[in-house]
Amino acid sequence: MNKSLPELKAEILRLTREYSSRAHSAQRPGGDAGRPAFVPGETTVPYAGRVFTEDEVEAAVGSTLDFWLTLGPEGEAFEKELASFLGVKYSLLVNSGSSANLVALATLTTHKLPDHKRITPGDEVITVAAGFPTTVSPIIQLGAIPVFIDNDPTTGNIRVEQLEAAFSPGKTKAVMIAHALGNPFDVASVLEFCRNHDLWLVEDNCDALGCTYSMPIARAKALGLDHLIKLAEQNSCSLMIDSSSLDEANNQKPTTPHKLPAIIDGQLVAYTGTFGDISTQSFYPPHHLTMGEGGAVNIISRPPLKTYAESFRDWGRDCWCPSGKDDTCGKRFGWNLGELPPGYDHKYTYSHLGYNLKPLDPQAAIGRQQLKKLPAFIDARTRNWEYLRTGLADLEDVFEFSLPSHATAWNKPSTLDPRLSSFCWDSSGSTTHCSWFGFMLRVKPSAAFKHTDLVRHLDSKKIGNRMFFGGNLLRQPVFVQLRKDRPDSFRVVGEMTGADAIMNQALFLGTFPGLTKEMMDYEIDTIRAFVRDR
Ligand SMILES: Cc1ncc(COP(=O)(O)O)c(C=O)c1O
């Protein structure tokens, strides 16, 4: 007998789950009993990778069977769910974190902004020297001038004390920087600088989904963070952590409350990516959640920016109808724009030099499943960092370990709660909670080996590791060439000693939720033996 379409689909999805649970067992979360056994020295320990179960595969196949393909119902739902998770006005899906950065900055070039706020060719955008190239490249691609300042080698983040020296009256329009490797930058100082000079802040949150930043509520008020304070007050009734919500990945209780922003003990606590004007995410596999390729532009509090961002993402069009829908504005043939004949179809009216940077709907379907696991993933990243830090604690004579921004020292876990280490904090009143992208350490110049020796050794032992992306970007071939071809296309303020130290000494290991205790024990043992043998 012929099966009905819903019956057929249900059967395909049941088989899909069965297939995936057998085919993809190595990609399950670290604490999952279904993972294959780890064989030290034989099984590769990746630095990062996709962590998923049959849920994501079922979602991808289900959405593919529906065959909407282009951004549609799943995308719309994902955008709402991500915006709600973060506490931002809107999230717009794009096809990568790099596209997100491009759209974010392009948004600020629109002629619809007042002249003094609009980024035009020759205007300056302050950024940092060490990091991922596509945090910076949109600045040049859009005709603006990146002004580089240095990174702090311990946090990987912007040296905020150099911001004033980089400022050019009448030219500087924005600060565009990343929260490095899942470590929030000094948001309060950067925001204060932006407020003092009426600048945009674009947070590249690609490596930091789920990090939180806290500051005294009085400081948040002084910085005009009304959008977060208002949301925090609304969220306050759901602040208590539900004790039944166990961390799926490691079967432990989450260490952070997840309905943010919130006001806790007089501090405003919010996710990174919610403090500035626009922020960006990447959903490439090593990131905190994945849909293969993908990214998002978060419009933090100003709704008009959403319309401009959407226009740049969607061909530059003036119309904002989602694909498959017409006449959302109710006057599709009633506009009179540019030098077009009155009533020209709004769907084909272009107000910007745009792109088409949308992902596919099945990607969003995968992302929605990943979002459900995000709190567990975030906690796993924090705990994995702590596990590695504790295991390598007595190697401080050869390694300089990363610290969260605002931390002045790391303290070993107490015997009362051996799961959690703690930090000493500076006197700013701000603290950070890291959802680490990686475990960064620097080999001290006094050590008997170089970081490249360690990197090669780890590689030979099948332990995945990475350098801090492009290191000092100014030393990359592309910038050396630009200096020759177009010396005025960027500006450098001060010495880049921190960025150079990162480039010459730093590497990072994984912290992603697919790591198991056995894998991390193997990493720790291998590094300890390497140091002992030098
Ligand atoms: C800080 C930062 N920004 C942007 C990107 C670009 O993201 P994507 O690879 O999705 O283009 C990355 C990539 O890892 C990144 O680390």
Unique residue being surrounded by fewer than 23 Cβ atoms within 10 Å (Cβ to Cβ) and touching a residue at least 60 places away in the same chain (Cβ under 8 Å) when the list is Pro375, Pro362, Pro341: Pro375
Identity of the residue in region 311-328, open to solvent by less than 30 Å² (accessible area, probe 1.4 Å) and not in a strand (DSSP E or B), that ends up nearest to Gly72 (Cα to Cα): Cys321
Failed item in (1) closer than 19 Å to Asn95 by Cα; (2) over 33 Å from the mean Cα position of the chain (by Cα), with Glu310 passing the rest: (2)
Residue within region 62-80 that is touching a helix residue (DSSP H, G or I) at 6+ places or on another chain (Cβ under 7 Å) and more than 30 Å from Trp320 (Cβ to Cβ) present: no
Single unsatisfied condition, Asp394 versus (1) farther than 17 Å from Ala83 by Cβ; (2) buried (at least 24 other Cβ atoms within 10 Å of the Cβ): (2)
Leading residue by the ranking (nearest to the ligand (Cβ to nearest atom)) among those in region 277-291 that are in a strand (DSSP E or B) and under 23 Å from Asp226 (Cβ atoms): Thr280
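Would you call Gly131 out of contact with any Lys or Arg (no Cβ under 7 Å at 6 or more places or on another chain) and within 16 Å of the ligand (Cβ to nearest atom)?
Working: out of contact with any Lys or Arg (no Cβ under 7 Å at 6 or more places or on another chain): yes; within 16 Å of the ligand (Cβ to nearest atom): yes.
It is true that Gly131 is out of contact with any Lys or Arg (no Cβ under 7 Å at 6 or more places or on another chain) and within 16 Å of the ligand (Cβ to nearest atom).
For every residue, the table says whether it meets (1) open to solvent by 10 Å² or more (accessible area, probe 1.4 Å); (2) out of contact with any strand residue (DSSP E or B) (no Cβ under 7 Å at 6 or more places or on another chain); (3) in contact (Cβ under 8 Å) with a residue 60 or more places away in the chain; (4) away from the ligand (no atom under 16 Å from the Cβ).
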site: Asp198; (1), (2), (3), (4): yes, yes, yes, yes
site: Ile217; (1), (2), (3), (4): yes, no, no, yes
site: Leu225; (1), (2), (3), (4): no, no, no, yes
site: Ile229; (1), (2), (3), (4): yes, no, no, yes
site: Ser236; (1), (2), (3), (4): yes, no, no, yes
Filtered residues of region 445-495 (kept if open to solvent by 60 Å² or more (accessible area, probe 1.4 Å), closer than 24 Å to Pro138 by Cα and aliphatic (A, V, I, L, M)): Met467, Val478, Val492
Residue in region 139-147 that is modelled with pLDDT of 95 or more, open to solvent by 30 Å² or more (accessible area, probe 1.4 Å) and within 23 Å of the chain's Cα centre (by Cα) present: yes
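Any idea which residue in region 393-415 is farthest from Asn157 (Cα to Cα), counting only those that are in a loop (DSSP other than H, G, I, E, B) and touching a strand residue (DSSP E or B) at 6+ places or on another chain (Cβ under 7 Å)?
Start the filter on region 393-415 by keeping residues that are in a loop (DSSP other than H, G, I, E, B), which leaves 396-398, 402-406, 412-415.
Now drop any that are not touching a strand residue (DSSP E or B) at 6+ places or on another chain (Cβ under 7 Å), which leaves 398, 402-406.
Working: Val398: 22, Ser402: 11, Leu403: 10, Pro404: 10, Ser405: 8, His406: 11 Å.
So the residue we want is Val398.
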Selection within region 167-188 - closer than 18 Å to Asp204 by Cβ, open to solvent by 20 Å² or more (accessible area, probe 1.4 Å) and of a type in the set (A, V, I, L, M, F, W, C): Ala178
Number of the condition not met by Tyr284 [criteria: (1) farther than 19 Å from Gly75 by Cα; (2) touching a residue at least 60 places away in the same chain (Cβ under 8 Å)]: (1)
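When region 292-310 is examined, which residues are found to be open to solvent by 10 Å² or more (accessible area, probe 1.4 Å) and more than 9 Å from the ligand (Cβ to nearest atom)?
So the first thing to find is which residues in region 292-310 are open to solvent by 10 Å² or more (accessible area, probe 1.4 Å), and the list is 292-293, 301-304, 306-308, 310.
Scanning region 292-310 gives Gly292, Ser301, Arg302, Pro303, Pro304, Lys306, Thr307, Tyr308, Glu310.
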Qualifying residue in region 82-99 (condition: in contact with a Leu (Cβ under 7 Å, 6 or more places away or on another chain) and more than 16 Å from the ligand (Cβ to nearest atom)): yes
Residue match in region 34-42 (condition: at pLDDT 95 or above, open to solvent by 60 Å² or more (accessible area, probe 1.4 Å) and either among the hydroxyl-bearing types (Ser, Thr, Tyr) or touching a Gly at 6+ places or on another chain (Cβ under 9 Å) (or both)): no
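The values are calculated or read from the model by the stated rules, or taken from the named source; none is laboratory data. Note that this is a predicted model, so its numbers are computed, not measured. So basically every Cβ, Gly included, is an ideal-geometry build from the backbone, and we count neighbours across all protein chains shown. Heavy atoms of the whole protein, side chains included, go into the accessibility calculation; ligands, DNA and RNA do not. Shrake-Rupley method; radii C 1.70, N 1.55, O 1.52, S 1.80 Å.
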